[in-house]
Ligand code: GLN
């Protein structure tokens, strides 16, 4: 069992998740099997009950875990499927400990943070290693060193060093090195202090990956090495780059792969040398694409892009494969309620109506859908975006005035989108939506089938509402095509319109399974349609 523990210093949001993913990518490219986990210090049991405005998107795993968005980075960089166990929160740990206490598993003992809570963390990490059969488990500790909340996690990794041994554990610390705007000087002092803070709790970092806006000079590296007692060869620099997908390449060039291999006493698991060649080609396509397509992103959280992270990445993967650059134009759905879509959407080449919850901004989303449908602008609706496309169709094509989803208007005369029947008895909000991957059967003669090229697909979900089956015959009669239904229960999963260059919407979230080298067929279809509609690519374009 080998562990790479990654802590953050000075400030949060310095891109630790990308660094963890990048180290993983490098080790994977050297032939090792890696698994990645994130420990989050908040007391929520999972990310599902948090506002995306504060915490970014909720990443849904194949098994229906509602997890931290960093798991999305791990899955995309490593091209693996994680499970809910890869996200360990304080809430989850305490829940497990308290459940055990109630069952009497600690009978006679005083249940405490040390040893019980910390033991639970260690056992969850060991279980991950066993279950995944990985050679190396990367573990990211959320938050910043010095926070009260993360102390039990840091104590757990300190103990794991003693129990698993030096050769099986590496402490990687990722501090920010700020640049003084007046002098342009890169400062190492805050990083030195965060190393001291780590040492105070018994952890001496083995590796430092300094985060900075530009490459740091040798004298800063020497200073960091001296004050943090980390050898020069174990200091690396992750500076700002155009695309997050370049980070594995810049760290690899600095020799982090061979350093880790040596430090973890890894025996080469395969004969081949590190192979990042396909990755390099992908990065080249991302950063050197010239022709631009403008995609209107209609949603409620347009000022915090992390709220739609997987969708943005899926668009990057799709666009790279046909060598175009996606220019995302963010349109707040509430603004569309006051200004005409003919004004706000006039410059976009394609429209995505993003997932969402609750009434606010929905009329704006509906206006955007009507505009895309009538003006024949390529359209993609995801989850709520699909449900609202059905509402728009019911109102403006079937003339069902006031049609709506009961989520937005519980007293609508035409509830064309309604609660899933199994949700009627659901009282608790945490982890109770229809979550995770389900099989979907596609209709052969359809756009979505042409994109996936097979009849049964499996995609991830996160919703409580569905297209009301009562209205289906009426909707279909007027031209709405239902081209994908769930294998179990026949729920509407995909809708399309004919006589339109591209009008497709899905109940599922195809973005969660998009990968740099294998983009999601749904997003690829959409981006291709957008590129074709503005003449940026021709009909005959081949992918990659
Ligand atoms: N609010 C809708 C539902 O719960 C859509 C959810 C979503 O877009 N993820 O069904």
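The values are calculated or read from the model by the stated rules, or taken from the named source; none is laboratory data. In this text, all values refer to a predicted model and were calculated from it rather than measured experimentally. So basically every Cβ, Gly included, is an ideal-geometry build from the backbone, and we count neighbours across all protein chains shown.
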Residue by residue through the range 492-544, note down the ones that are within 26 Å of residue 397 (Cβ to Cβ), assigned to a loop (DSSP other than H, G, I, E, B) and out of contact with any helix residue (DSSP H, G or I) (no Cβ under 8 Å at 6 or more places or on another chain).
498, 499, 508
Residue by residue through the range 33-57, note down the ones that are in a loop (DSSP other than H, G, I, E, B) and within 17 Å of residue 90 (Cβ to Cβ).
41, 42, 43, 44, 45, 46, 50
Exactly one condition in (1) within 22 Å of the chain's Cα centre (by Cα); (2) over 28 Å from residue 349 (Cβ atoms) is not met by residue 242; state its number.
(2)
If you go through the range 368-379, how many residues are over 24 Å from residue 469 (Cα atoms), part of a helix (DSSP H, G or I) and either touching a helix residue (DSSP H, G or I) at 6+ places or on another chain (Cβ under 8 Å) or touching a residue at least 24 places away in the same chain (Cβ under 8 Å) (or both)?
3
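For residue 295, are the conditions met, namely being free of Cβ contacts under 8 Å to residues at least 24 places away in the same chain and either within 28 Å of residue 244 (Cβ to Cβ) or assigned to a strand (DSSP E or B) (or both)?
no
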Pull up the range 336-361, narrow it to residues that are closer than 20 Å to residue 315 by Cβ and not in a strand (DSSP E or B), then point me to the one that is nearest to the ligand (Cβ to nearest atom).
355
Away from the ligand (no atom under 16 Å from the Cβ) and either modelled with pLDDT under 95 or at positive phi (or both): does that describe residue 326?
no
Grab the strands (runs of 3 or more DSSP E) fully contained in the range 380-477, keeping just those with 2 or more residues being within 30 Å of residue 294 (Cβ to Cβ) and within 14 Å of the ligand (Cβ to nearest atom).
456-463
Within the range 43-54, residues surrounded by 18 or more Cβ atoms within 10 Å (Cβ to Cβ) and touching a residue at least 60 places away in the same chain (Cβ under 8 Å) come out as 45, 46, 48, 52
